[in-house]
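See structure below.
Bear in mind that the values in this text are calculations on the coordinates, not laboratory data. All values derive from a computational prediction rather than experimental measurement. Neighbour counts are summed over all protein chains in view; Cβ atoms, including those assigned to glycine, are modelled from backbone coordinates with ideal geometry.
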Amino acid sequence: MRLLRRHHTPLRLAIVGCTFVFFLFLLHRDVSNREEATEKPWLKSLVSRKDHVLDIMLEAMNNLKDSMPKLQIRAPEAQPTLFSINQSCLPGFYTPAELKPFWERPPQDPNAPGADGKAFQKSKWTPLETQEKEEGYKKHCFNAFASDRISLQRSLGPDTRPPECVDQKFRRCPPLATTSVIIVFHNEAWSTLLRTVYSVLHTTPAILLKEIILVDDASTEEHLKEKLEQYVKQLQVVKVVRQEERKGLITARLLGASVAQAEVLTFLDAHCECFHGWLEPLLARIAEDKTVVVSPDIVTIDLNTFEFAKPVQRGRVHSRGNFDWSLTFGWETLPPHEKQRRKDETYPIKYGSVGASWRSSPALS
């Protein structure tokens, strides 16, 4: 056995030597080809193509290496935010003058259709009016006929919130952040969309409203194209961004968030109206804790008459959204322990799908 191994040792050395000589031959041939390529254009082209393929392969390997997840061996570093906690701020509370709306609402005619949030009423209908009303229902699932005859800048009437909400004051330190209001629409009715915009302008403090971003989720209606862009130019802080193809609400909201410039993102539906003091409590909660996503207390607007269901001062029964095990959304009244936790109407509850969030909140990631 030992003799056999001794006979195999020279054979192995010979094989290794031949392999080494073969690789030297290939290397010499490659160098010769490169030298000949300088004299023969067709050979130079082949060599250059070979080098190009090698470059592509190396680049792909580098990209693959860079895309590999890296082990994180320490806690993630906090991302810089647009607001510094150490930023100097005045003591005390914001005054009504400081929280003056971006635009003052023009004088209202109390007898106008839908004024002060009242219902639109009409007793006699012509055939053309009836046809217009029915077409509006088919297209928008609400009474667009009534909406088109209600002022775009209508008031919702006096402030009927509970006294503790009306009298609530907001500290200057930490200051309330600015917000970008993002409104997504797709083939929305002209009157409801613009009434939403005007409602924000007439109820949002000027020092807090950075911009209103209208995100068009690939609308096909002509009035929502050039006409809309020309109209909103007069509104100063309103701009329109568009998706070329329809991608849905969430993708459209993300598009709006990507171009927003304020510290807080506030998402609204394209057919809503804002009541007195709707924004300040949201921003106050975010100032206390930037990880929260907050929502206003939402009441209803009748889809037939556009009557606004005003907040009541006492005795309101609150509900909150929930999901069951089949992921079906529904509503439930507040459980007893949640009612006991809330000392008054200024205390928050877990509720809502329309809301505001700090830009770096996990809810947006």
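For the stretch 236-341, the list of chymotrypsin sites (Phe, Trp or Tyr not before Pro) that fall in a loop by DSSP and count at most 10 other C-beta atoms within 10 angstrom reads Trp325.
Applying the criteria of a DSSP loop state and at most 13 other Cβ atoms within 10 Å to the chymotrypsin sites (Phe, Trp or Tyr not before Pro) of the stretch 127-236 yields no site. Note on Ser326 and Glu134: their simple-model spin labels are 3.5 nm apart, each label 7 Å out from Cα toward Cβ. Each residue of the stretch 111-120 was assigned a 3J(HN,Hα) from its phi angle through the Karplus expression (A = 6.51, B = -1.76, C = 1.60, θ = phi - 60°), giving 9, 6, x, x, 4, 6, x, 6, 6, 6 Hz with x at Gly and Pro.
Gyration tensor analysis over the Cα atoms of the stretch 115-364 returns equivalent ellipsoid semi-axes of 30, 24, 19 Å (largest first, whole Å). Between Ile207 and Gln236, the FRET efficiency estimated from the beta carbon spacing at R0 = 22 angstrom works out to 0.90. Sequentially through the stretch 239-249, phi angles give Karplus couplings (6.51, -1.76, 1.60; θ = phi - 60°) of 9, 10, 10, 10, 9, 5, 10, 6, 10, x, 4 Hz, Gly and Pro residues having no value and appearing as x.
Using the Cβ-Cβ distance between Ser319 and Phe93 with R0 set to 45 Å, the FRET efficiency works out to roughly 0.90. Between amide H atoms placed 1.01 Å from N, distances below 5 Å from Arg242 occur with Asp216, all of them 5 or more places distant or on a separate chain.
The GluC sites (Glu not before Pro) of the stretch 210-300 that meet both conditions, a loop assignment by DSSP and at most 10 other Cβ atoms within 10 Å of the site Cβ, are Glu244, Glu245.
Only one residue of Ser180, Asn304, Gly248 has its Cα farthest out toward the positive end of the dipole of the stretch 115-364, where Lys and Arg carry +1 and Asp and Glu -1 on Cβ, and that residue is Ser180. What's the center-to-center distance, using Cα atoms, between the stretch 144-199 and the stretch 320-349 in Å? Cα centroid of the stretch 144-199 versus Cα centroid of the stretch 320-349: 24 Å apart.
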